[in-house]
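In what follows, a single structure is set out as structure tokens and then discussed.
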Amino acid sequence: GEAMLRGATVVLRRALSGGQGPEPGQVPGSARLEPSLLRFLVCPLSKRPLRYNEATNELINEELGIAYPVIDGIPNMIPEAARTTQKKPPAEGSKQP
């Protein structure tokens, strides 16, 4: 249940940080995503691969025009946490003026 999920989060966090805390001089919340994780991560909405933008520390879904933040090296892939990066394409069947 919940305890197992919490334990998995701690293990994942430890694995992502290389076993130590943040590197000296690093701002909390600025840890980068481990590049090897990218091949396992897909958008929860479209189930498509995501592109990592190192400059903004976000996972980008070009197709939907949204970006998921990466916090302490851990992607926050809750749809409500995503921000819009561009105008979304019109929905199927809708007429554009």
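Read-outs throughout are calculated quantities, based only on the coordinates presented, and are distinct from any laboratory measurement. Owing to the predicted nature of the structure, the values given are computational and were not obtained by experimental measurement. Because the Cβ atoms are built from the backbone with ideal geometry, glycine has one as well, and the counts that use them run over all protein chains shown.
Set against the 2.2 N^0.38 Å expectation for a compact globular protein, segment 35-84 has a Cα radius of gyration ratio of 0.98. Sorting 65-73, 31-39 by average packing, meaning the other beta carbons within 10 Å per residue, from highest down gives 65-73, 31-39.
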